[in-house]
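Structure first, commentary second.
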Amino acid sequence: MGHMQHFSAGWVSPVLAYAMACVGSALGLRCTVRALAADGRSRRNWLLTASVAIGSGIWTMHFIAMLGFGVTGSPIRYDVLLTVLSLLVAMVVVGAGVFTVGHGAARLKSLLLGGLGTGIGVAAMHYLGMAAMRLHGQVGFDPGLVALSVVIAAGAATAALWAALNVRGALGAALASLVMGLAVSSMHYTGMAAVHIELTPSRAPLPGVTAMEFIFPLTVVLGSFLFLTVAFVALSPTARERAASASAESFREGELPTFS
């Protein structure tokens, strides 16, 4: 069995991974709240932004954490197609959960289904990302820990969505994003604890690319997108602010003198 190292880069990879998970979660949950205060095309656009934010956030978290992963006795490469597919799956499946919350008529049922969908999206991204890994050997998983990782992701995602929808103010938003970030990180390391590797020593070159050749540049791009979108959302007026501005404008127009 190959000896695995989960923190070969020290504390940097888990801390940075958790931070990216929190940023993506904060943005996605905030966009979900904005969507519930909007309607029509505006609601759809906010929900799409939420899906992309949470999906790319958890993908970035996973592969930043994987930068610290190593196996003694074998190099590691990643299949490009499966790696990109894991990102798209994360966005689509998380999007299904977010749209369920955004358009569901029964709030409790929508919250539970949305949390389950979001949690499954987190898990699907993780295990598809693991399937993209190439090394000299076979990768297996402990079924019990795999199931636990999915339960953690779904339970904490539901709690984060509930907090985002029910706890108002900056403190509530921060709490929800920290919970969601913890869900993603906990799910990741629980899933990694389920891994066992049987090495097959070989000198043959492995297909795929290294993490630094492909994953790291893409992670930087997605991380930049998240931070820029956070700034955009923070500066965008809420529905209440737009209504107040329109009301004030109407009041000022009503005070203007009229001339015949």
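Some observations on this one:
- Accessible area in square angstrom per residue, the chain, 1.4 angstrom probe: 49 Å²
- Placing pseudo-labels 7 Å out from each Cα toward the beta carbon at E198 and K109 gives an inter-label distance of 4.7 nm.
- Cα lying deepest toward the dipole's positive end in the chain, options S42, Y18, A96, charges on Cβ: S42
- For the chain, complete DSSP H runs whose alpha carbons reach 20 Å or more along their own long axis and whose mean Kyte-Doolittle score is 0.5 or higher are 12-36, 80-103, 107-131, 143-166, 169-193, 216-235.
- Under the simplified labelling scheme, the I76-F232 pair shows an inter-label distance of 3.2 nm, with each label point 7 Å from Cα along Cα→Cβ.
- Expressed as a fraction of 2.2 N^0.38 Å, the value expected for a compact globular protein of N residues, the C-alpha radius of gyration of the stretch 1-100 is 1.31.
- When the charge dipole of the chain is built from unit charges on Cβ atoms (+1 for Lys and Arg, -1 for Asp and Glu) and taken about the Cα centre, the candidate among G208, I120, H188 whose Cα reaches farthest toward its positive end is I120.
- Simple spin-label estimate for A19 and F7 in nanometres, 7 Å along Cα-Cβ: 1.7 nm
- Entry for Kirkwood radius over Cα pairs in Å (calculated from the structure that is shown) out of (i) 18.6; (ii) 19.4; (iii) 18.1: (ii)
The values are calculated or read from the model by the stated rules, or taken from the named source; none is laboratory data. Owing to the predicted nature of the structure, the values given are computational and were not obtained by experimental measurement. We place every Cβ from the backbone using ideal geometry, glycine too, and count neighbours over all the protein chains shown. Just so you know, the surface numbers come from the protein's heavy atoms only, side chains and all, with ligands and any DNA or RNA stripped out. Shrake-Rupley method; radii C 1.70, N 1.55, O 1.52, S 1.80 Å.
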